[in-house]
1. How many residues does region 22-33 contain that are within 13 Å of residue 115 (Cβ to Cβ) and either open to solvent by less than 70 Å² (accessible area, probe 1.4 Å) or more than 18 Å from the chain's Cα centre (by Cα) (or both)?
2. Checking residue 83 against (1) surrounded by 14 or more Cβ atoms within 10 Å (Cβ to Cβ); (2) in contact with a Phe, Trp or Tyr (Cβ under 9 Å, 6 or more places away or on another chain): exactly one of these is not met. Which one?
3. Scan region 144-153 residue by residue and report those that are within 15 Å of residue 77 (Cα to Cα) and part of a loop (DSSP other than H, G, I, E, B).
4. Could you look through region 101-143, keep only residues that are among the hydroxyl-bearing types (Ser, Thr, Tyr) and in a strand (DSSP E or B), and pick out the one that is nearest to the chain's Cα centre (by Cα)?
5. Is it true that residue 32 is among the hydrophobic types (A, V, I, L, M, F, W, C), in contact (Cβ under 8 Å) with a residue 60 or more places away in the chain and assigned to a helix (DSSP H, G or I)?
6. Of (1) open to solvent by 80 Å² or more (accessible area, probe 1.4 Å); (2) touching a Pro at 6+ places or on another chain (Cβ under 6 Å); (3) not hydroxyl-bearing (Ser, Thr, Tyr), residue 60 satisfies all except one. Which?
7. Between a residue in region 72-85 that is at positive phi and any residue that is open to solvent by less than 30 Å² (accessible area, probe 1.4 Å), which pairs come within a Cβ distance under 8 Å, given they are 6 or more apart or on different chains?
8. Looking only at region 1-40, count how many residues are over 24 Å from residue 133 (Cβ atoms) and either small (Gly, Ala, Ser) or at pLDDT 95 or above (or both).
Amino acid sequence: MRRITLAVLGIAVSLCLAGSAFAAGATKDECVAKTKEAAAMVNEKGLDASVAEINKKDGKFVWADSYVFLMDFDGKMLAHPMSPALIGTNVLDRRDKADKLLFKEFVEVAKSKGEGWSGYMWANPGDPAPRKKISYIYRVPGKNLLAGAGIWE
């Protein structure tokens with residue numbers, strides 16, 4: 001009887017911890033709000049100040065398991081708090097784990113629709129296996145720039 005009680009208790013604790021882990025993930029609504037906030041900041045405070053703020057790993061544009069990135073329509077990554085090596089590089093020819101030109105698609109979404117979701121396969125930091133990720137892409141009003149943020153599915 002004691003083993004059954006301990007097993008049930010162990011399962012209950014595991015489920016609670018798993019539930020907490022999933023609850024900690026970013027939401028679609030947060031991605032939309034954060035990208036629009038970043039875009040507004042570009043128009044209010046300028047590009048340089050915005051890039052500096054978005055690049056802060058401990059700033060307001062990094063939360064839960066997500067972050068905002070900023071790039072121009074030519075494919076230059078301007079801000080990326082989680083992968084600073086990408087900053088200043090052209091990412092248009094980079095492919096996801098399923099061979100999709102994801103950054104090129106981001107630019108196409110921003111140019112053609114102004115905003116929208118894009119799905120792709122990406123490795124989560126700390127987990128080398130690629131998983132489906134979707135990013136909300138938002139064109140900075142009046143600029144040839146986009147802000148994006150994503151969640152894991």
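1. 3
2. Result: residue 83 fails condition (1) only.
3. 144
4. Here the residue is 135.
5. yes
6. (2)
7. 75/91; 75/103; 75/107
8. 5
The values are calculated or read from the model by the stated rules, or taken from the named source; none is laboratory data. This one's a predicted model, so the numbers in the text were calculated from it and none came from an experiment. Note that each Cβ is placed from the backbone with ideal geometry, even for glycine, and that neighbours are counted across all protein chains shown. Quick note on the areas: whole protein, heavy atoms, side chains included, nothing else; ligands and nucleic acids left out. Shrake-Rupley method; radii C 1.70, N 1.55, O 1.52, S 1.80 Å.
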